[in-house]
Amino acid sequence: MKLLSRKKSGNDQFAAWVFLLPALLAFLIFKYYPILLGFFISFYEINIVELPGKFVGFSNYSRAFADPDFYAALRNNVEFWVIGLILNFWPPIILALLVNEVRKGKTFFRMTYFIPAVAPSIAILVLWKYIYSPDYGLANAILNYFHLPGLTWLNDVALVKWAMYLPGLIISGGMSMVIYMASLNEVPKEMYESAMIDGAGVAKRIWHITLPFIMPIVKVMFIMDLINRFNEAAVPLVYTGGGPVGETTTLILYALKSAMNNLDYSYAITLANIAFVIIFIITALQMKLTSREK
Amino acid sequence: MKTMLTKSVCLSAVVGVALLTVAGCGGSKSEPNSAGKSSNTAEQGGQTEQAAKIKIKLWEKPQPDAPKGKVEAYNAMMAKVKQKFPNIEIQDETLKPGTDYRQEYDKALMANEAPTGWRELPNVDIPTRIKNGTIADISEFYNSWEYKDQMIDTFNESISTADGKWYAVPVFSGFINTLYNAKTIQAGGGDPEKLPETWAEFAEMGQKITDVGVPRFGYEIVGMDWNAWPFTAWVWSAGGEMVRPNDDGTYKIAFNEEAGVDAAVFWNEMVWKHQMTQKDTLQDWNKLQDDIMAGRAAFSWFDVSGLDQTALDKYGQQMSDFGIMPMPVKDKSITRPSLAGGRVITINPKASKEEQKAAFDVLTYITYDEELLKEQWEIAARENISDLNVPARKDLYELKLSLSTTVPERIKQELVAAAAGAKSEPFCPNWNDLKNALSKPLQQILLKKDISRDEVKSLLDKTADELYAKYPDSFRK
């Protein structure tokens, strides 16, 4: 009997490996190989005609760490992350909690907030770019209707980051909200019932039952959000091209511009590698803190 | 037994999928590389007639959605090429459209799939590519070339080196000028027959025309990433230069001299004092083009080669409503400048000498042969395709204009006048780095309402100092 179960377990393992192998190969070829190659190339000054070029050791990295534009881009990433936390991270959680409390029409609210998330995000970004146009955009038309002066929105150094992330509520808020709602559905109803019997109000139930229960998913979403913020390039590229005055140039966008505008491929890869390491370290720290709490 | 069979089938299936994936990534091994050598021995064997032919690769084929006229012109051109060069076999492909054509070329070069010769690189790229070796030295072809004395010489500085080496030859020269929309000028109460010649006249007319309620702007200012490009012409219009050559081969930065400061201050004044520009000063290039072509702007910095009735059709505009004028100048003692740029023929440095010569011969033939060019221009005229660029053969410009039936006479005269005052961008080493460095301070100048002249000077001085520090081999005080 023991022999039979050991054989069966061995067969299961073999089958699992067999089915995992194609995906593993794909990951190795299309994800890990480019990452490793990227690190390898960052130690060279690329010669397109005779690859890989001249070995320069850490000089690309020294150049990055002495580059004021690098630090400006990093600062932009951090600012985007903080603004993203305020405008794009917490509102879907609050929205999910509120919709979860609704007795009738829950499905209606869920669909209403989710449908915009299905639309292509680039299309929404371009649309908002026109909305923000200081010359003939809808945003200023609304302000003017209320006799308020128009703003320069994406041309305003102080306002641009906030303006860029406001549409995120529509673009990605719905998707996050649905994920949180799925997690909220797993909270045992008996816990709410006992809390109500003990006299706990809505706020106390949310604070002591709901939030602790969904915290694991919140932490995962937090890490995903952090990774997305540090990989940000498409949003500033579409909205502002990295301006005004470099205020929306992120690390990855700076890398992209180094490659596209200056044909400086080695430096571009170096910047991308540094972004990767930063994300990796922050994620590892976050996960270590999470496991310690457990 | 059954389990063994299942295991074997699963394992074979997985290994098969993995091998297919890897083979798919590896690409075809039987395609010729950029040097035209096929690694497929079956192709090489037994083809004694073709063994004498030189194989080259080009990227001349029009896009799948190209107008009928362009396809006809291309077919006629290739027929003539085949007749003229029976010993050259051409593998011609289409480069996918987009603004990343430089990166596509670099990618192809790295993968040994780049064309043997190409006619798309802008002349401004050549100094960088001479440095990084991504284009071949074509001096030996140039020196024995029949048309070298007849080619336009507007940007010789960028395509050759001080020691007499040549790396490219022109395909055409285009102007980047001030485009005006006569209908928009009239709508704003201006007179298109009395175009402004000085900054003061330009500001007066621009202010008069601008009405944000319509919206209608006097001038579309280019504040985005590329702002140093039009700023160059504005510095010239102030009587200044962006850089001045030193005796030792380095360059002194000049955009922070009085003329440069004047130009930058005038840019700020156009936005805030005269209020004659769009408020979205950092809007992207496509939107800028949209505004002038749609009639929302009266004047705009514009690449003349983009002025085409087909492009204007979607805005409901007529080419006869547009015109080209050189830059207005600070005062009438300064010659009104136009910026000249263009595309060049470059050769793949990885190709063999025979292939490079073959590509040079074919590409210079299609760019410089009078009979072929005349046929191309006749097809363009018949098919309503506009082309306002100056051809590489400077002696054929009048012929080209005379054959063009789509370009209004007024624009033809304006083009000839613009050609007379055209100047090319300076081609100092790290010229593109200089322009990139200027982008942010120019945006700061455009965006700050009450900026003083001293602040403008300070910003430009700071940029100059950064360039001196970063590129000491190129820039020296």
| query | In whole Hz, what ³J(HN,Hα) sequence does the stretch B:411-426 give by Karplus (6.51, -1.76, 1.60; θ = phi - 60°), x for Gly and Pro? | reply | 5, 4, 5, 5, 5, 4, 5, 5, 4, 5, x, 6, 10, 8, 4, x
| Per 5 Å bin from zero, what fraction in whole % of the C-alpha pairs of the stretch A:148-264 is there, up to the bin with the longest pair? | 2, 9, 14, 15, 12, 11, 10, 9, 7, 5, 4, 1, 1, 0
| field | For the stretch A:45-116, Kirkwood radius (reciprocal of mean inverse C-alpha pair distance, Å) | value | 16.9 Å
| note | Non-local residues with an amide H under 5 Å from the amide H of residue B:251, with H modelled 1.01 Å from N and Pro and chain starts lacking one, are B:246, B:475, B:476
| request: Take the stretch B:396-477, compute every pairwise Cα distance, and split them into 5 Å bins from 0; I just need the percent in each bin. | output: 3, 12, 16, 12, 10, 9, 10, 11, 9, 7, 1
| To the nearest 0.05, what FRET efficiency results for residue B:383 and residue B:149 with a Förster distance of 41 Å applied to their C-beta separation? | 0.80
| note | Whole-number value, in Å³ per residue, for the convex hull of the alpha carbons of the stretch B:276-320 is 78 Å³
| query | Using all Cα-Cα distances in the stretch A:86-182, what percent lands in each 5 angstrom bin from 0 up to the longest? | reply | 3, 13, 19, 18, 16, 14, 11, 5, 1
| message | What three numbers, in Å, describe the spread of the alpha carbons of the stretch B:134-228 along their principal axes, ordered from the longest? | response | 60, 30, 21
| request: Report the semi-axes of the equivalent ellipsoid for chain B in whole Å, largest first, where each axis is √(5λ) for an eigenvalue λ of the Cα gyration tensor. | output: 44, 28, 25
| note | Residue-ordered couplings for the stretch B:397-408, obtained by feeding phi - 60° into the Karplus form 6.51 cos²θ - 1.76 cosθ + 1.60 and rounding to whole Hz (Gly and Pro as x), are 5, 5, 4, 4, 5, 5, 7, 7, 9, 8, 8, x
| note | Amide H contacts under 5 Å for residue B:88, restricted to residues at least 5 apart in sequence or on another chain and with H modeled in the peptide plane, are B:54
| Can you give the alpha-carbon Rg of the stretch B:262-414 over 2.2 N^0.38 Å, where N counts its residues? | 1.32
| the stretch B:151-182 to the stretch A:80-103: how many Å between their Cα centroids? | 56 Å
| message | Taking the number of other C-beta atoms within 10 Å as the exposure measure, put B:346, B:405, B:134 in order starting with the fewest. | response | B:405, B:134, B:346
| task | Output the antiparallel fraction of DSSP beta bridges having both residues in the protein assembly as shown, as a percent to the nearest 5. | result | 70 percent
| query | How much mean residue ellipticity at 222 nm does chain A get from its helices, if each DSSP H run of length 4 or more adds -39500 (n - 2.57) and you divide by all residues, to the nearest 500 deg cm²/dmol? | reply | -21500 deg cm²/dmol
| message | With N set to the number of residues, divide the alpha-carbon radius of gyration of the protein assembly as shown by 2.2 N^0.38 Å and report two decimals. | response | 1.12
| request: For chain A, build the convex hull from the C-alpha positions and give me its volume per residue in Å³. | output: 236 Å³
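All of the numbers you see were taken from the coordinates with simple rules; none came from a lab. Remember, it's a predicted structure, so these values are computed and weren't measured experimentally. Reconstructed Cβ throughout: ideal geometry from the backbone, glycine too, with neighbour counts over all protein chains shown.
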